[in-house]
Amino acid sequence: EVIDELKCKLQTSDDQTSKLSSKLKTLEIENKKLHERVVQQEAYSRRENMIIDGMTETENENCEARVQEMFGRMGVGSCILQRCHRIGRRPDKTRPRAIIVRFSNFGDKVKVMSQGAKLKGTGLYIKDDFPAEWAAKRASLRPVLKVAKEHDESAALIQDKLRFKGTLYTTQTVQNIPLSLDTIGMKQS
């Protein structure tokens, strides 16, 4: 009788554990989806932003005037900006802080980004402002992009994915790309 009672309690505990385990898996999936949506929203809110790196920093500078001057040298002309300022604190004076620029008009940003090649050799660099998660994924995909461009000139990083011959690859699926990735330390499956 005691053994039957203990078996019943054990079965009840097993059933509860199974239900909780199932619920935990469901919540983990929902949490992952919500996190991805938050990152997607963050990326969307940053789409009018651009980061400029390498511009010398001076005391009491007018960032917007310096950025507009750079746009003029690029042949873009003046753009309407919402905000323009240095990012972070200045830990040392050896390296200038990056400048973040928020455009009022997305078309102006596209126009500036399309002229980015004109900065080659100046020590100035422009790039999109991506969430940290996307930036890390893009950094890990960049070596693969270099190899992919040798086989498909249209290969490109699209948000946090690599487009190669019309197919999008993520950091989890990039090993399936039809290229030999041995030279960059990625295992071909």
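The values are calculated or read from the model by the stated rules, or taken from the named source; none is laboratory data. What you see is a predicted model, and the numbers here were worked out from it, not measured in a lab. All accessible areas refer to the heavy atoms of the entire protein, side chains included, with ligands and DNA or RNA removed. Shrake-Rupley method; radii C 1.70, N 1.55, O 1.52, S 1.80 Å.
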The helix 2-45 Cα axis meets the longest alpha-carbon principal axis of the chain at an angle in degrees, between 0 and 90 and rounded to 10, of 10
Mean-square fluctuation maximum in Gaussian network of the chain, Cα pairs under 10 Å, restricted to 18, 114, 154, hits 18
Per residue, accessible area of the chain with a 1.4 Å probe, heavy atoms of protein chains only, in Å², comes to 69
Using a 1.4 Å probe on heavy atoms of the protein chains only, the accessible area for residue 3 in Å², nearest 10, reads 110
In whole percent, the fraction of accessible protein surface over the stretch 25-168 that belongs to carbon or sulfur atoms, probe radius 1.4 Å, stands at 52
With the chain reduced to its Cα atoms and the Debye formula applied, log10 I(q)/I(0) at q = 0.11, 0.13, 0.15, 0.17 1/Å amounts to -0.69, -0.87, -1.05, -1.19
